[in-house]
Structure formats: structure tokens, C-alpha cells
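Student: Sharing a structure below in C-alpha cells format, with a few things to ask.
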Amino acid sequence: MMSDTGPLLSISGLTKAYPGVVANDTVSFDIGQSEVHALLGENGAGKSTLVKMIYGLVKPDSGTMTWKGQPFTPAEPKAARAAGVAMVFQHFSLFDALNVAENVALGMEDPPPMRDLARKIRQVSETYGLPLDPNRTVGDLSAGERQRVEIIRCLLQDPKLLIMDEPTSVLTPQEVEILFETLNKLKAEGTSILYISHKLEEIRTLCDHATILRLGKNVGECVPAETSARDMAEMMVGDTLQTPTRSTEKAGDVVLDVSGLSLEPANPFGTTLKNIHFTVRGGEILGLGGVAGNGQDELLAALSGETPTWPDAIKVKGSEVGNLGPSARRRLGILAAPEERLGHAAAPDMSLTENALLTGAIREELTSNGFVNWSGTTSFAENIIKSFDVRTPGTHVAARALSGGNLQKFVIGREVLQRPEVLIVNQPTWGVDAAAAAAIRQSLLDLAAGGAAIVVISQDLDELMEISDRFGALNEGRLSDIRPAAGLTIDEIGLMMGGAHGMEAAHIGAEGTPA
Amino acid sequence: MDLSAINPVLLIASLMVAATPLLLAAIGELVVEKAGVLNLGVEGMMIVGAISGFAISVESGSPMLGLIAAMIGGALLSLLFAFLTQFALANQVASGLALTLFGLGLSALMGQSYVGIKPPAMATLDIPVISDIPVIGPILFSHDPVLYIGIALCAGVWAFLKFSRGGLVLRAVGESHDAAHALGYNVIRVRILAIMFGGACAGLGGAYISLIRVPQWTEGMTAGIGWIALALVVFASWKPWRVLLGAYLFGGINVLQLNLQAAGIAIPVEYLAMSPYLITILVLVIMSADKSGAPASLGRTFHASQ
């Protein structure tokens, strides 16, 4: 039979255009039976749109898909699931207030009664080494556990093709290893996997074949094991990569001193900060890693002044600032750029000028007697746009209209240009393409070279290793020991991040399978 | 002052009647809010239900037809809200307030020729033998059918939300519409059905006032019950049985304070009149102290972009 030898899914000439942008432009490739196929590309390259078409969430404008030799046009996810396509989403498609079994049931076509389903979940989770209690509320689970819920939801449907959209961005290195064992086991059982990522080393170890997208076009294919990470990166970017350079300055005096910082979270699913200690010297970058949801947002809020704490918990140059609000701290030169660009770092519907005013008013003296100095504000915004190469028609444009990378450059540039003495940034290059990320990292390095104390909170370990002088990890609201970044191994970092979050048991269960 | 004039059996029987419109409206709104939609138009849908039911039962002579018409009337008005918020993506709070104002005006227009008319009476469900049992009979077994429908609806909504697949999907849509959409559920369809159910329940509650509790038509006769229903849903932490409890508590204190007023108790009437509101809210606030939040997507506009 042809369907046994031919590819599982064959994509040919898929095109999808949105107003103003062609998300996919005649993309073609094949996914073989029990093949792990990587889909590589930068943010905005069209990876997500492409998998949404395979999963039936988006209809292609033109082009065809063939499933086991038959035409495949899923009108909705139900049809795709019925054919055997399952998907683990990048931004989890989970419901915090419902329990694990209910979440799994929602992703199935006709789920069995709850009691049978709970038993099945236990059974599958043991087989694949992903321990999970079906009765727990999803909002209380760690990021790694939440991903397990999604994977088990897919596995219960016995998929032929499993689509994974950036699955490792929220995992510790140890959890990544366990995930790979699970995926290899699935592959050995005959399941094909479409693996989307921009982490090249992972793709080199896991995937059989890779398709590279750039600006919606298929720009190349390769066998990852035989291609260097640098070559793949340059295919993705279409340009040679520049790595940030650092000048070796000697660190100055202690500028930021955090001691005994404990804090209850503002929202019920947040993380409590527990007795956090660290110091940062002038000219130094402290990198704080950790899986999302382990206290990053709460720590940023405590350092920026959004959540006031005890006066002596945070000291800057010897003076107590823990109980001051954000404006008072800005006056002292303590600036922050939070993780969420739209809605936290910038007001989406306000212009770049207005957004520049929002954090720059105090340090740049843009207001007097309660009146706004608009011409000064506009030139401050223009200065940010020029210095940080923000691609925008002008300062009147709404923040929402900028692409993620451009807005991120604006948000970081806005703080950097205010000559901070202490700068705290959370996820400075999240969802930003490689060139813009390099520019942002370089600006942080330059700022540190000028004597500022910088705290970079990030989930991108490569980024932290690249720019930080010392490294620590957040785990369930606690901070690990701070260690010099140079010479740390991935294993050591993983253990600092809390190891495999109680997955050791699973590790033993998964032995004996080809890894 | 003569407290002996208050008959406890009659008191309990009449509190159930007083609570039913509130219960019906609140249980409908509970389903709407569980689907993530905040419809502040309950008062408007109730009053439109009240006049639709009144007019149809006067014209047809059948109270049952009137009740059905009330449900249709409430649901039709709620469709306007559904169109505004689900297709035109209008703000839910503003649309709900507009719906209440529109409903009050529309009902006054529809009811111009019905002022002072007496509607056909609704037969009570006098079940032979058991309704003759002393005390229990008059309390439990000699009411109109709608009162039992209200209680059954409460039980039905509880079971639907807790045990059925439809209920799970509805809760999922209210919890995170983006995730529900990504899994392939039709968020808009679920929400429109929920909004229409809420409208029908509110309409039925309104008709209960105009056909059974007060039997007559006056402008604005729902007198804020819709607003109480909205508050009740919140204070009941979106739990059907707590809605039932809150509604009966409110109805009970309301009937009791009216009886106390009639008995001439030495407390100023104003304090008695505010007591149902105060006590109901107080009790429910204490009960809702446990960790049970609102549906996470409540009041947020959904648009399936990309």
C-alpha cells in the first residue's frame, strides 16, 4: 500500500496571507512516518500559522496537504484530531481553575466518564514517565507539569502526528532530557513528530530532518545532525550573526543589596518570594535564571517598587528603599523593564511619545508644574528610536502597532537612555529576533561598562551565560547561591534551577527505552 | 404590637413565592457568567418578560402560554445583547446597562393598554392528599408549578455544570476563551446559547412577578430584583445551591420584615426595609470568604484573531 511507504503528511505550496503580511508563501515539505521533523525559524517566520493550518485552526488561501496519500483539508481542529493530529501549544491551552482530568477531557473528542479517564491518565503518565495526579487543579502546577498535562492529553488520542510548538522554553535542562526520552519512545512506536523550536542544539540531538522558514518562505532543508548550529542560525536569519562583545571592566562597589526579601504574591496563582539575598556591584550584570512562574514577576515587582516591602529589604548605595514606590525609586536611578511588553512595560494604545513620557517623566524632567513638556518628550522618544534602531514611521505610532522586537528595543532603550544606576529587566529578548536580541544584549553590556548595576531575569540560559558576570536561579520563590557565570556547566545550572521538579521517579520508569 | 398575628406556615410558604423571581433571574445569570459574559441587562430582560407574559396571557387567557411568551421575550431581548457583545464586540458593561434602560422603556410602551387589568389566575399544584398534610402540605405541596420549576432549574444547572460535557465546555469557555478556541470549541456559539438561557430565565422570573406574585401590570414593577440577582450571583461565588440559599434568605427576610411592619413592631420602617439587602449580602460575603474566584474570562471580549 502506498500509504505505508510514502510520507505521513505532505505539504505543497501552502500560502496564507493576512492584511499587510504574507504569513506563509508557497511552503512545501514532507513529514515521513515515525520521523522527528524540525520546523526552524525566527519569530514571525510563519511557523505558528503553518501548524495552525495543519491543525485546522486556520484555512490556507491556496496549496494542498496530503495525509497518507489522501487529500487533507481539516475544517476545524476536530477534523484534524480525528485524522490523528495532536498539538502541544506554545502558550498552554490549559484552564487554570479546572483540574487535570477536566483539562484532558476538553481536548478529547469523546472522553470516557471521569473515573475511567482519571485511571487512564495515571496509566499513560506511568508508561511514558510523566507522573501526574488527575485531581490536581492546573493553576497550582509548575510549568513542566502543565506541559505534561498537554502531552498526556495528546497521547490519550493515540496520535499519528504530534505537533510541539516550542516545548522546551519553559523546562529545566533535566526536564528537557526527560521530554526527549518520551519523544524518542513515541517515535519508536511509530508516531511522527513536528518539532518547532529555535533552540538549535536541541534540534541537532533530537530531529531527523529540518525545514527552515524565513519571512514565510521555505528557505532550506537540512539534516540537523550533519549541520552546525551556526549554519542553521544563519539560514534562519539570512545573514551572518554578530555576537555581543564585552569589555572586561573591574566591578565597583556594591550598589544594590537585597537581604531577607520575602513577599506574598498579589494573585492567587502567584509565587511567594522566600528570604531572597543577593548583591550587585556597579558595572556588574547578575543573571537570574529559572523556569517561568518561580517568582520572576514577583521579584521584578519588588525591585521596581510596584509591590512595596520592608524598608531594609532592599538597599541602594546604603540607603533603604524597600518601602518606596516606583516613582521615588526612579528619582534615585532605579529603573525596571518588566516582561510583558504590551500592557505592563508599554500602554498598547498610546503613542510612543506618550509611552516615553510614562517612565521618563521624572528622570528626563519632562513635566513642570503639572504640565507636560511635549516637545521635550517627543525628542526623548526620537532619541530612543534613533539610538536603538526602532523601526517605526514615527513617534506618533501606537505601541501596539510595533512588532514585538521593535517594541522591546523601544522599552529597553527607554530605560537605558535614562542613565540608570540600577536596572532590572525581565526577559529582555523574549520573542525578539536574533539581530534585535543581540543589539539589546549589547546595550546592556555597554550600560554595565558605564558602571550601572544590572539584574537580568530571563529564561533563556544561553542569553544569561552570554552576558552575565554571576548567575543565580529562582526556584519556587527561593534564590539559589549566586555563582560566577564563567565555567558553569548545564548540569550545574539545571540543579540550581531545581533539577527535574520531582521527576526522578519518572526517570527510572523510562529506563530501558532507547534514548 | 401583635407578633402572634404572624403565621409561621404562611410565612414560609410566602417566602418561597417571594424568592422565586430572584432565584430564576440569578440562576440564568449564573450560567451566563460561567460562560464568561457579564450581562448587566437582567433587570431589563425581567421587565420585558413580565409584560410579554402578562400581555400574552391576558390575550390568550392561558397563563402557561404567557410564561412561554415571557421566556421568548427575555431571550429575544438578550439576543440584542448577544449581537452587540459577541459580533459587534461592544463593551459588555455598557451594553448591559443599555439593555436595562431599553427594556424598561420598551416594557412601558408595550404595557400601556394593560394597566389595571387582572390576568387569568395560575392554578396551584394542589396535589390531593399530600397537600392536605398539616404544616408540610401548605409549605411544600401547594404552590404554583413555576416555583417548583425554579428549584428544579437550580438542581439542573448544578448537575449540568458539574457532570455534563456541555457544562465542562461552558466552564472552559468562561475560564479561558483563547484556550477553548485553540482546542476547537466555538466560543461565540457557547456564549450566545448561555446569554439566551439567561434571558429566558430572567423573562420567566419577570413574568412570575406580573402573573403570580402581584398579578397585575405596573411600570417598573420588577423594582430592582434584577440588580439583586446580579449581586447574588457574585456573593454566591457562582455556585447554584448558594444562589438558592441566598434567594430564599432574601425572600424570607423580605416577607418577615413586611409581616413585622404589619404587626407594628417598634423599629423604624426604613431599617426593616433595608434589612433583606443587608442581611443577605452579609451572610453571602461571609460564605464567599473561601477561595473560589470568578470565571477568569468574565467580561472580556473574545475575538478569534488569526
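The values are calculated or read from the model by the stated rules, or taken from the named source; none is laboratory data. Small disclaimer: the values here were computed from a predicted structure and weren't measured. Neighbour counts are summed over all protein chains in view; Cβ atoms, including those assigned to glycine, are modelled from backbone coordinates with ideal geometry.
Student: Give A:418, A:427 a once-over and let me know the one that is touching a Lys or Arg at 6+ places or on another chain (Cβ under 6 Å), touching a residue at least 40 places away in the same chain (Cβ under 8 Å) and not basic (Lys, Arg). Full working, then the answer.
Tutor: On the way: A:427 fails: touching a Lys or Arg at 6+ places or on another chain (Cβ under 6 Å).
Just a single option satisfies the conditions, and that option is A:418.
Student: So is residue A:245 polar (S, T, N, Q), out of contact with any Phe, Trp or Tyr (no Cβ under 6 Å at 6 or more places or on another chain) and under 24 Å from residue A:437 (Cα atoms) or not? Outline the logic, then answer.
Tutor: On the way: polar (S, T, N, Q): yes; out of contact with any Phe, Trp or Tyr (no Cβ under 6 Å at 6 or more places or on another chain): yes; under 24 Å from residue A:437 (Cα atoms): yes.
So residue A:245 fits the description; yes.
Student: Just give me the residues in region A:94-120 being facing chain B (nearest Cβ under 8 Å) and either part of a helix (DSSP H, G or I) or under 22 Å from residue A:84 (Cα atoms) (or both), in sequence order. If you could, list the steps in order and put the result at the bottom.
Tutor: So in region A:94-120, the residues facing chain B (nearest Cβ under 8 Å) come out as A:94-98, A:102, A:105-107, A:111.
Answer for region A:94-120, where residues must be facing chain B (nearest Cβ under 8 Å) and either part of a helix (DSSP H, G or I) or under 22 Å from residue A:84 (Cα atoms) (or both): A:94, A:102, A:105, A:106, A:107, A:111.
Student: Could you grab me the full set of residues in region B:294-306 that are modelled with pLDDT under 85 and surrounded by fewer than 16 Cβ atoms within 10 Å (Cβ to Cβ)?
Tutor: Matches in region B:294-306: B:303, B:304, B:305, B:306.
Student: Go through region A:275-294 and give me each residue that's assigned to a strand (DSSP E or B) and out of contact with any Leu (no Cβ under 8 Å at 6 or more places or on another chain).
Tutor: First, the residues of region A:275-294 that are assigned to a strand (DSSP E or B): A:275-281, A:285-289.
Within region A:275-294, A:281, A:286 qualify.
Student: Give the number of residues within region A:399-411 that are within 17 Å of the chain's Cα centre (by Cα), part of a helix (DSSP H, G or I) and in contact (Cβ under 8 Å) with a residue 40 or more places away in the chain.
Tutor: Going through region A:399-411 one residue at a time, the tally reaches 4.
Student: Of everything in region B:132-151, what is out of contact with any Phe, Trp or Tyr (no Cβ under 9 Å at 6 or more places or on another chain), under 20 Å from residue B:67 (Cβ atoms) and of a type in the set (Gly, Ala, Ser)? Give them in sequence order.
Tutor: Passing the criteria: only B:142.
Student: What number of residues within region B:166-199 are farther than 28 Å from residue B:100 by Cβ and aliphatic (A, V, I, L, M)?
Tutor: Matching residues across region B:166-199 total 7.
Student: So which residues in region B:182-209 are in contact (Cβ under 8 Å) with a residue 40 or more places away in the chain and of a type in the set (Phe, Trp, Tyr), if there are any at all?
Tutor: If the condition is that a residue be in contact (Cβ under 8 Å) with a residue 40 or more places away in the chain and of a type in the set (Phe, Trp, Tyr), then B:197, B:208 are the ones that fit.
Student: Quick one: residue A:10 ticks every box in (1) under 15 Å from residue A:218 (Cβ atoms); (2) of a type in the set (S, T, N, Q); (3) without any contact (Cβ under 8 Å) to a residue 40 or more places away in the chain except a single one, so which number is it?
Tutor: The one condition residue A:10 does not meet is (3).
Student: Inspect all residues belonging to region A:57-78 and state whether any of them is facing chain B (nearest Cβ under 10 Å), not hydroxyl-bearing (Ser, Thr, Tyr) and not in a loop (DSSP other than H, G, I, E, B).
Tutor: yes
Student: Restricting attention to region A:178-201, and to residues there that are modelled with pLDDT under 85 and in a helix (DSSP H, G or I), which single residue is surrounded by the fewest Cβ atoms within 10 Å (Cβ to Cβ)? Please lay out each step first, then the result.
Tutor: First, the residues of region A:178-201 that are modelled with pLDDT under 85: A:178, A:197-201.
The next check asks that each one be in a helix (DSSP H, G or I); those that pass are A:178, A:200-201.
Values: A:178: 24, A:200: 20, A:201: 13.
Looking at the filtered set, the residue picked out is A:201.
Student: If you don't mind, another one. What about residue A:101, is it under 16 Å from residue B:171 (Cβ atoms) and in contact (Cβ under 8 Å) with a residue 40 or more places away in the chain? Outline the logic, then answer.
Tutor: Numbers: under 16 Å from residue B:171 (Cβ atoms): yes; in contact (Cβ under 8 Å) with a residue 40 or more places away in the chain: no.
Answer is no for this residue.
Student: A further question follows. Here are A:303, A:335: which of them is crowded, with 23+ Cβ neighbours inside 10 Å and over 23 Å from residue A:271 (Cβ atoms)? Even if it seems obvious, please write down each step before you answer.
Tutor: Working: A:303 fails: over 23 Å from residue A:271 (Cβ atoms).
From the options A:303, A:335, the qualifying one is A:335.
Student: Next question. Of the residues B:104, B:77, B:89, which is over 25 Å from residue B:150 (Cβ atoms) and touching a residue at least 40 places away in the same chain (Cβ under 8 Å)?
Tutor: Going through B:104, B:77, B:89 in turn, the sole match is B:89.
Student: A follow-up question, please. Within region B:260-276, can you find the residues that are surrounded by fewer than 20 Cβ atoms within 10 Å (Cβ to Cβ) and part of a helix (DSSP H, G or I)?
Tutor: Kept after step one, since they are surrounded by fewer than 20 Cβ atoms within 10 Å (Cβ to Cβ), are these residues of region B:260-276: B:260-275.
Listed by number, the residues that qualify are B:260, B:261, B:262, B:263, B:269, B:270, B:271, B:272, B:273, B:274, B:275.
Student: Only one of (1) more than 14 Å from chain A (Cβ to nearest Cβ); (2) surrounded by 15 or more Cβ atoms within 10 Å (Cβ to Cβ); (3) farther than 19 Å from residue B:153 by Cα is not met by residue B:251, so which one is it?
Tutor: (3)
Student: In region A:203-232, what count of residues is obtained for those that are under 23 Å from the mean Cα position of the chain (by Cα) and not in a helix (DSSP H, G or I)?
Tutor: Residues flagged as under 23 Å from the mean Cα position of the chain (by Cα) and not in a helix (DSSP H, G or I) within region A:203-232 amount to 8.
Student: Can you tell me which of B:184, B:174 is buried (at least 18 other Cβ atoms within 10 Å of the Cβ), touching a Pro at 6+ places or on another chain (Cβ under 7 Å), within 11 Å of another protein chain (Cβ to nearest Cβ) and not in a loop (DSSP other than H, G, I, E, B)?
Tutor: Details: B:184 fails: not in a loop (DSSP other than H, G, I, E, B).
Only one candidate qualifies: B:174.
Student: Those residues that are surrounded by 24 or more Cβ atoms within 10 Å (Cβ to Cβ) and either part of a loop (DSSP other than H, G, I, E, B) or within 14 Å of chain B (Cβ to nearest Cβ) (or both), I need them from region A:24-41; list them, please.
Tutor: Matches in region A:24-41: A:24, A:41.
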